[in-house]
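Have a look at the structure below, then the notes.
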Amino acid sequence: MIVMENISYKRIVAMVDEGLGIVELVEEHPCPNGSQWVIYQYRRTSPLVISAWREGNKHHFILKIGRSRLNLVPSISAAGIEEVYIKGENVHVHYVGLAGGGVGIELRKGAENVIDTVILEKGGGSKLGRGIVITPKMEKLIVGIDDTDTKEKGATWVLAHEIGKYIESKGFGYYMDHTIVQLYPGNPNKTQNCVSVALTFAVYPKYKYKVKEVIRDFIKERSLSDKTAMALYYGITPSKSMKIFTNKAKEKMVSIEEAIGVAEKNNIEVVKIFDREEGIIGAVAALGLAEHHDIAAKLPEDME
């Protein structure tokens, strides 16, 4: 019991797209490198899991909203998620697991952003564990940023990171990710390395539009360039057309008109920080690979 009291998931966040009927659940596992076993078992066992992956100790699950009773088998299908539903302003996730696979429900109780846990059956040993974790309903916002530096000074990735930390410090939500996206190296207009940055946030619904204003003002105050732009995408997963545009912007020059066309097609809000438009291309291009860090970093010749 002493061990149980001193081990807890660090943070659990549920970002919801009710229109598509999906939730992105992000859990920070208590162990330093997370548990690939959890990813493997949940994906194998739960029909509600559309996709799942791990980044360090963070588990990402794209889940369908709904219910699916699980057939648990030791070792083979030992743990999973059997129900996800929205009640008021909260997300309820119903976990089930055999033996150690059921103990994790209790370990989620002390995680940051968890409102409550309900233990339906206490796991451990050879017993079945079943319970519900309740978190606030949040929404996902991806912000693309480009052209904040000059040839003399500045770095867009640093300013972007400062923005992420600032938004979280204000209590608007959580700074979830920072992705540097390599764009076409042959661009004659580049500052130097030709990259843009995507920031991912989990935001509380009441702040979703306030965050845009705060980021805009932060950039306006700190940017060293008059070409700066940002692009905002509210959604769980960037679309195929967004990814295609990003890959195209890696391989060759693209136009501002193309970037605006992609933005309009995907309900992306484009914001010119100053009067010039050059930064729009990189800002929109940053969004498509925001969740694909390895591909985002690659040069065109290394793309498969």
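Bear in mind that the values in this text are calculations on the coordinates, not laboratory data. None of these values were measured; they are calculated from a predicted model. For neighbour counting, all protein chains shown are included, and Cβ atoms are generated from backbone atoms with ideal geometry for every residue, glycine included.
At a Förster radius of 30 Å, what calculated FRET efficiency corresponds to the Cβ-Cβ distance of TYR85 and GLU258, to the nearest 0.05? Efficiency for this residue pair is about 0.15.
For the range 76-167, the Stokes-Einstein estimate of translational diffusion at 37 °C and a viscosity of 0.692 mPa s comes to 204 µm²/s, using the Kirkwood hydrodynamic radius over alpha-carbon pairs.
For the range 147-302, the calculated P(r) over all alpha carbon pairs, in 10 Å bins from 0 to the bin holding the longest distance, is 11, 44, 37, 7, 0 percent. Charged side chains reduced to their Cβ positions (Lys and Arg at +1, Asp and Glu at -1) give the chain a dipole of some 720 debye around its Cα centre. With helices as the sole contributors, the chain gives -8500 deg cm²/dmol at 222 nm; each DSSP H run of n ≥ 4 counts as -39500 (n - 2.57), and the sum is divided by every residue. Cross-link check: pairs LYS153/LYS298; LYS243/LYS272; LYS64/LYS137; LYS170/LYS248 evaluated at a Cα-Cα cut-off of 26 Å; pairs beyond the cut-off: LYS170/LYS248.
For the range 119-181, GluC sites (Glu not before Pro) meeting the loop criterion (DSSP other than H, G, I, E, B) and having at most 16 other Cβ atoms within 10 Å: GLU152. The Rg/Rh ratio of the chain, with both radii computed over alpha carbons and Rh defined as the Kirkwood radius, is 1.02.
Of all aspartates and glutamates in the structure, the ones whose alpha carbon falls short of 15 Å from that of LYS265, not counting any fewer than 8 places away in one chain, are GLU257. For the range 2-137, the average shadow cast by the Cα convex hull is 7.4 nm², which is a quarter of the hull's surface. Other residues within the sphere of radius under 12 Å centred on the Cβ of GLU112, judged by their own Cβ, net out at +1 (K and R +1, D and E -1).
Scaling the Cα radius of gyration of the range 88-137 by the globular reference 2.2 N^0.38 Å produces a ratio of 1.11. In this model, which of LYS208/LYS252; LYS140/LYS165; LYS227/LYS250 are farther than 24 Å apart at the alpha-carbon? Check vs 24 Å cut-off fails for LYS208/LYS252.
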